[in-house]
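**Student:** Have a look at this one.
The values are calculated or read from the model by the stated rules, or taken from the named source; none is laboratory data. Computed from a predicted structure; not experimentally measured. A quick note on method: Cβ atoms are made from the backbone with ideal geometry, for glycine too, and the neighbour counts reach across all protein chains shown. Side chains are part of the model used for accessible areas, which takes the heavy atoms of the whole protein and leaves out ligands, DNA and RNA. Shrake-Rupley method; radii C 1.70, N 1.55, O 1.52, S 1.80 Å.
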Amino acid sequence: MLITSCKKDHTPTPISSTPAPLATLGLYELDSSVYKRVFIAISQVGTVKVNYYSVFDTGSAGMSIDATGLLPASMITNAGITIAGDSVTVNGITVTTQQAVIAYGDAQSEIQEYGNLAYTTVVIGDQNGEITTSRIPIFLYYKIIDVTTGKKQPAHSNDVFGVGPGVSFANNAIGSPLSYFKSSTGGTSGYKLAMFNNADFSVNGTYVSNLLTIGLVPSDLDPSSGFVLHPLGYYPQGGYSPDIPSTISYNGNSFQATILFDTGTPAVSTLENANAASNVSQLPDNTLVTLTTNSGFVYTYTTNSTNNITQVAKPSYTGDPRTIFSIDFFTENEFLMDYTDHQIGLKNN
């Protein structure tokens, strides 16, 4: 008996999935007079449960954190971290013998951290929401010095969560902690910052939800999103740079500038103009400042005594040729970092 049957199609039906962010976290907004800071919570480093707050910094790349509270006190000296051999692993943190110094600020106001390259996992966030990294490189420092005064600063007083592109100038193994997250299918490695609200800054720090989105989706990078994308240049030292070529105009002056949009600068924006009349001077209240990037993003603001404080300086005086826009920029604009295609997005709000 011949038996025939219908042939089944065994080709699997494609399952469509919509890319989604990896996490959306809140940040803490703190205000001390005219100085504003935004902090991100760190709740675990290696196997150590902690309750630390790091400065969320778009102007640097890499996480730096004090070794105090993470390593035994007997390992931490004023001269360095005691390591037997090439490396040592304590509390889930592998500390190497590779030492470096990280400097923050400029020639007129500089903080230096002395420490070592280390590897560990980090839990970013707190009870309001968190995400855990893979084992990533960080900078573990054992002392902080205020170069202006020469004085050692308190432990954890300068923990920095640097989310810029590229790598740390101190050690090119260290990059943004957010750059190590693997994106979901169809997603892109990066993050978005929602606009900060001046009303949320407080002396004790206010938790504001949904400010940081980790992981980008196609709609974020689509022209309809409103973000103007800026391709980043690559350099042998530091890798991809966050600096964007632009034109600055104020009081009838116009000059070419390289701009850094920096959440780590807490109060005063600095326009670096080689033709400035003096080494440094503050623009009067009600001065109109306009920046236009090489990709067509335009932002105009007016200076006043409490927000958008702006000074003009000569690069020969500050030692830094970049024009730096402070955290006030982020209270009026949205910001996007694309680590995969090495670009920054700016959006008026």
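**Student:** Within region 232-249, how many residues are open to solvent by 20 Å² or more (accessible area, probe 1.4 Å), under 15 Å from T292 (Cα atoms) and in a strand (DSSP E or B)?
**Tutor:** 3
**Student:** Still on this structure, please answer the following. In region 161-176, is there at least one residue being open to solvent by 50 Å² or more (accessible area, probe 1.4 Å), within 18 Å of the chain's Cα centre (by Cα) and either modelled with pLDDT of 95 or more or under 28 Å from N307 (Cβ atoms) (or both)?
**Tutor:** Looking through region 161-176, none of the residues is open to solvent by 50 Å² or more (accessible area, probe 1.4 Å), within 18 Å of the chain's Cα centre (by Cα) and either modelled with pLDDT of 95 or more or under 28 Å from N307 (Cβ atoms) (or both).
**Student:** Sort out which residues of region 116-140 are among the hydroxyl-bearing types (S, T, Y), touching a Pro at 6+ places or on another chain (Cβ under 8 Å) and part of a strand (DSSP E or B), and write them in order of number.
**Tutor:** Matches in region 116-140: Y119 only.
**Student:** With respect to T270, is the statement that it is open to solvent by less than 50 Å² (accessible area, probe 1.4 Å) and in a strand (DSSP E or B) true?
**Tutor:** So T270 passes the test.
**Student:** Something else: Inside region 67-102, can you point out the residues that are open to solvent by 60 Å² or more (accessible area, probe 1.4 Å), closer than 16 Å to I144 by Cβ and of a type in the set (G, A, S)?
**Tutor:** Once the filter is applied, which keeps residues that are open to solvent by 60 Å² or more (accessible area, probe 1.4 Å), closer than 16 Å to I144 by Cβ and of a type in the set (G, A, S), region 67-102 yields only A79.
**Student:** Identify the single condition in (1) out of contact with any Ser or Thr (no Cβ under 6 Å at 6 or more places or on another chain); (2) under 30 Å from G319 (Cβ atoms); (3) open to solvent by less than 50 Å² (accessible area, probe 1.4 Å) that T120 does not satisfy, given that it satisfies every other one.
**Tutor:** (2)
**Student:** Tell me, which strands (runs of 3 or more DSSP E) lie completely within region 52-115 with 3 or more residues that are within 26 Å of the chain's Cα centre (by Cα) and either modelled with pLDDT under 95 or of a type in the set (F, W, Y) (or both)? I'd like the intermediate steps shown before the answer.
**Tutor:** Values: elements: 61-66, 87-90, 93-106.
Fully inside region 52-115 and qualifying: 93-106.
**Student:** Any residue at all in region 189-205 that's within 15 Å of Q343 (Cβ to Cβ), of a type outside the set (A, V, I, L, M), open to solvent by less than 40 Å² (accessible area, probe 1.4 Å) and over 18 Å from the mean Cα position of the chain (by Cα)?
**Tutor:** no
**Student:** Could you list, in sequence order, all residues of region 141-156 that are crowded, with 16+ Cβ neighbours inside 10 Å and either assigned to a strand (DSSP E or B) or of a type in the set (S, T, N, Q) (or both)?
**Tutor:** Y141, Y142, K143, I144, I145, D146, Q153
**Student:** Can I ask one more? Please go through region 51-102 and pick out each residue that is free of Cβ contacts under 8 Å to residues at least 12 places away in the same chain and within 30 Å of P315 (Cβ to Cβ).
**Tutor:** Residues satisfying the conditions do not exist here.
**Student:** Now, a different point. Could you grab the pairs with beta carbons closer than 6 Å, sequence gap of 6+ or different chains, first residue in region 193-218 and more than 14 Å from I327 (Cα to Cα) and touching a residue at least 12 places away in the same chain (Cβ under 8 Å), second one in a strand (DSSP E or B) and polar (S, T, N, Q)?
**Tutor:** From residues that are more than 14 Å from I327 (Cα to Cα) and touching a residue at least 12 places away in the same chain (Cβ under 8 Å), the pairs are N210/T24; T213/T24; L216/T188.
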